[in-house]
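The values are calculated or read from the model by the stated rules, or taken from the named source; none is laboratory data. Just so you know, these numbers come straight off a predicted model, no measurement behind them. No Cβ is skipped: glycine too gets one built from the backbone with ideal geometry, and neighbour counts run over all protein chains shown. Side chains included, ligands, DNA and RNA excluded: accessible areas come from the protein's heavy atoms. Shrake-Rupley method; radii C 1.70, N 1.55, O 1.52, S 1.80 Å.
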Amino acid sequence: MVTNKQIAEIFAKTADLLEIKGENPFKVRAYRNAARMLENSSKDFNKLVKEGFDLTKLPGIGHDLSEYIKEIVNTGKFHKLEELKKEIPQGLIELLSIEGLGPKRVKLLYESFGIKNMDELKKYALNGELEKLPGFGPKLVEKILKGVKQLKKAGIRFLWAEVEEVAYELKDYLLDFEGVEIVDIAGSFRRKKESVGDLDILVIAKDYPKVSEYFVKFPKVKEVYSKGLTRSTVFLENDLQVDLRAVAKESYAAALHYFTGSKAHNIEIRKLAIQKGLKINEYGVYRGNEIIASQTEEDVYKSVGLEYIEPELRENRGEIEAALNKSLPNLVNKDDIQGVFEYVKNTKEIDNALLNATKNHFEYIIFNLSENIDELTDYIKSLKCEIKLITSIQTEIDKNGEIEIKKVFKNVDLITGVMQKCDLDYETQTKRYINALKNPYLKILLRPSMREVLKKEEIDVDWELVFDTAKQNKKILEINSNPRFLDLNDVLIKKGIEKKCMFLLSNFKNDCKYGLFQARRGWCEKDNILNTLSYKQLKNFLNF
Ligand code: DGT
Ligand code: CA
Ligand code: CA
């Protein structure tokens with residue numbers, strides 16, 4: 001359901017972006033007027049559209065505006081705004097959320113200095129250039145700087161892999177302190193979410209004030225934001241926020257559960273507790289005033305009638321129903337992996353992959369080659385080892401969904417494919433995917449949705465149909481382990497699993513751990529992952 005306010009916001013945003021773009025002021029004003037009209041109207045536009053009411057009968061609504069409102073009610077989106085968002089740099093749009101900066105000023109900043117994002121804005125604010133612009137006094141510049149700082153703190157997210165090292169370093173640092181018994185990193189970090197907003201650390205310690213003193217002296221702390229009796233917050237050098245909380249021993253399981261989240265998961269658990277006449281909060285599970293579960297998280301779940309739910313699943317995406325029905329997935333583990341898929345570009349990378357596979361006792365390696373193919377296939381063929389070596393050639397898939405192979409290669413077992421970047425509409429793009437997945441030569445689709453974590457959304461196609469087609473044609477979809485891509489994402493993996501698709505967990509720097517987290521967040525069991533098969537099973541499945 002779309003509210004009047006949401007429609008108004010879409011029009012107001014459209015007006016802002018048109019103004020930044022320097023469009024005709026009349027057009028800009030028309031959108032602003034439409035926004036105001038919607039906000040002040042006592043009519044429910046969502047309802048009117050759904051009832052098929054002719055909006056042009058209302059004062060001040062012409063044919064165009066009526067169509068726009070219908071579009072927004074029916075699709076939740078406005079194509080003109082979507083187009084503008086593509087045209088105008090994202091950073092420029094973000095500048096609008098800084099207090100004191102409207103579209104006129106953002107436009108002026110862009111035209112005067114080419115400022116396109118917060119970092120550039122900050123630079124010009126600090127070097128004194130900003131104050132030279134008409135209307136930009138020292139007060140405004142100060143306000144802008146404050147706004148930049150707040151927004152950066154509120155808005156930035158980090159890749160999980162980007163905070164991994166410092167997170168564990170900080171954990172070890174805390175554990176080193178006398179009297180610290182337990183340290184756990186909870187929050188999205190524990191749920192292995194591809195990106196994290198901040199770190200939520202829990203400690204059990206004899207003397208929390210002393211631990212807190214020690215915590216803020218961690219060498220990578222840049223700024224101490226607060227230091228309280230049970231909670232302290234700092235910012236690290238890279239602007240990552242870290243919250244440290246002291247927890248009493250008797251509350252630890254409940255606290256760990258609460259601060260692991262997600263919030264949506266917690267809310268559902270709390271509802272279950274209420275149904276059972278219990279109360280759950282970060283201090284414990286209570287019946288009346290008595291704590292009834294506190295030793296482990298298993299106890300917390302048991303108290304509300306559930307099996308233990310792995311942190312990766314705690315997103316309120318069906319895990320609670322599954323735990324009630326005892327149908328939770330048995331998530332894939334690192335130990336289930338029998339062989340690896342490696343992107344290799346030269347013989348050194350091949351040697352590395354071989355060493356790594358030997359160390360991990362893997363049965364086979366699939367080498368994915370995209371360049372120097374003749375040289376590398378010869379090299380692979382010349383290697384003498386116990387490990388079974390499989391070669392795949394990476395092809396590009398063109399805008400029609402056809403694979404491009406420049407020549408016939410010898411000693412090749414498999415063909416993989418990546419979609420070339422093509423701007424196509426939803427229908428055409430879907431057809432292209434379907435066509436590619438029906439190609440008898442293609443076995444594995446790499447980087448299936450072309451996404452980038454925090455940067456680029458997955459491609460917009462009919463995923464249900466794509467998964468159905470992949471399943472019917474026995475095509476494999478990659479779960480890419482590069483923490484920048486993690487393609488497919490967790491939500492799509494889960495959809496694919498419901499369609500019984502098979503996924504390949506590829507390696508990144510000789511390791512698939514980030515992809516494994518993603519696979520687990522997408523509810524993958526062992527049987528959903530191609531490279532948990534033995535070599536014999538694999539050969540059979542892929543038919544090479
Ligand atoms: P992030 O930091 O944005 O990547 O995501 P989280 O999940 O780490 O969220 P954060 O840091 O805001 O809070 C940590 C956990 O604390 C969260 O996962 C669940 C819990 N929590 C926070 N606020 C609330 C709340 O209002 N209600 C409930 N039930 N739990 C909350
Ligand atoms: Ca967090
Ligand atoms: Ca937090």
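Selection of first residues in the range 471-490 that are more than 18 Å from LYS455 (Cβ to Cβ) and of second residues that are β-branched (Val, Ile, Thr), restricted to Cβ pairs under 6 Å at least 6 apart or on distinct chains, gives the following pairs, ordered by first then second residue: ILE476/ILE444.
Reported count of residues in the range 179-199, each being in a loop (DSSP other than H, G, I, E, B), crowded, with 19+ Cβ neighbours inside 10 Å and more than 13 Å from ligand 3 (Cβ to nearest atom), is 2. When residues in the range 147-178 are screened for being within 16 Å of ligand 3 (Cβ to nearest atom) and either touching a Leu at 6+ places or on another chain (Cβ under 9 Å) or among the hydrophobic types (A, V, I, L, M, F, W, C) (or both), 9 of them pass. Taking the range 7-24 as the range and being touching a residue at least 24 places away in the same chain (Cβ under 8 Å) and open to solvent by 20 Å² or more (accessible area, probe 1.4 Å) as the test, the residues that pass are GLU9, ILE10, LYS13, ASP16, GLU19, LYS21, GLY22.
Has the range 193-206 got any residue that is within 14 Å of ligand 2 (Cβ to nearest atom) and among the basic types (Lys, Arg)? Steps first, answer last, please.
In the first step, residues of the range 193-206 are kept if they are within 14 Å of ligand 2 (Cβ to nearest atom); the result is 193-202.
Applying the additional criterion that residues be among the basic types (Lys, Arg) yields 193.
Yes, the range 193-206 contains at least one residue that is within 14 Å of ligand 2 (Cβ to nearest atom) and among the basic types (Lys, Arg).
Does LEU229 satisfy the criteria of being open to solvent by less than 40 Å² (accessible area, probe 1.4 Å) and either within 27 Å of the chain's Cα centre (by Cα) or away from ligand 1 (no atom under 16 Å from the Cβ) (or both)? Judged against the criteria, LEU229 is not a match. Being within 19 Å of the chain's Cα centre (by Cα), touching a residue at least 60 places away in the same chain (Cβ under 8 Å) and more than 12 Å from ligand 1 (Cβ to nearest atom) is the filter here; which residues of the range 154-202 pass it? Those that are within 19 Å of the chain's Cα centre (by Cα), touching a residue at least 60 places away in the same chain (Cβ under 8 Å) and more than 12 Å from ligand 1 (Cβ to nearest atom): ALA161, GLU162.
Would you call LEU65 at negative phi and part of a helix (DSSP H, G or I)? Reasoning before the result, please.
Numbers: at negative phi: yes; part of a helix (DSSP H, G or I): yes.
Here the answer is yes, as LEU65 does meet what is asked.
Residue pairs whose Cβ atoms lie under 7 Å apart, separated by 6 or more positions or on different chains, with the first residue in the range 407-421 and aliphatic (A, V, I, L, M) and the second assigned to a loop (DSSP other than H, G, I, E, B) and open to solvent by 30 Å² or more (accessible area, probe 1.4 Å), are LEU414/PHE544; ILE415/TYR441; VAL418/ARG447.
Pairing residues of the range 509-533 that are of a type in the set (Phe, Trp, Tyr) with residues that are buried (at least 22 other Cβ atoms within 10 Å of the Cβ), at Cβ distances under 6 Å and at least 6 apart in sequence or on separate chains, gives TYR514/SER481.
Working carefully through the options TYR364, TYR441, TYR379, TYR433, find the one that is open to solvent by 80 Å² or more (accessible area, probe 1.4 Å) and either without any contact (Cβ under 8 Å) to a residue 60 or more places away in the chain or touching a helix residue (DSSP H, G or I) at 6+ places or on another chain (Cβ under 7 Å) (or both). Spell out how you get there, then give the answer.
Values: TYR364 fails: open to solvent by 80 Å² or more (accessible area, probe 1.4 Å); TYR379 fails: open to solvent by 80 Å² or more (accessible area, probe 1.4 Å); TYR433 fails: open to solvent by 80 Å² or more (accessible area, probe 1.4 Å).
From the options TYR364, TYR441, TYR379, TYR433, the qualifying one is TYR441.
Name the residue, out of LEU108, LEU101, that is within 26 Å of ALA8 (Cα to Cα), at pLDDT 90 or above, over 28 Å from the mean Cα position of the chain (by Cα) and in a loop (DSSP other than H, G, I, E, B).
Values: LEU108 fails: in a loop (DSSP other than H, G, I, E, B).
The match here is LEU101.
Determine whether LYS149 is within 17 Å of ARG231 (Cα to Cα), surrounded by fewer than 19 Cβ atoms within 10 Å (Cβ to Cβ) and either more than 11 Å from ligand 1 (Cβ to nearest atom) or assigned by TED's automatic domain parsing to the domain that holds ARG484 (or both).
Working: within 17 Å of ARG231 (Cα to Cα): no; surrounded by fewer than 19 Cβ atoms within 10 Å (Cβ to Cβ): yes; either more than 11 Å from ligand 1 (Cβ to nearest atom) or assigned by TED's automatic domain parsing to the domain that holds ARG484 (or both): yes.
Answer is no for this residue.
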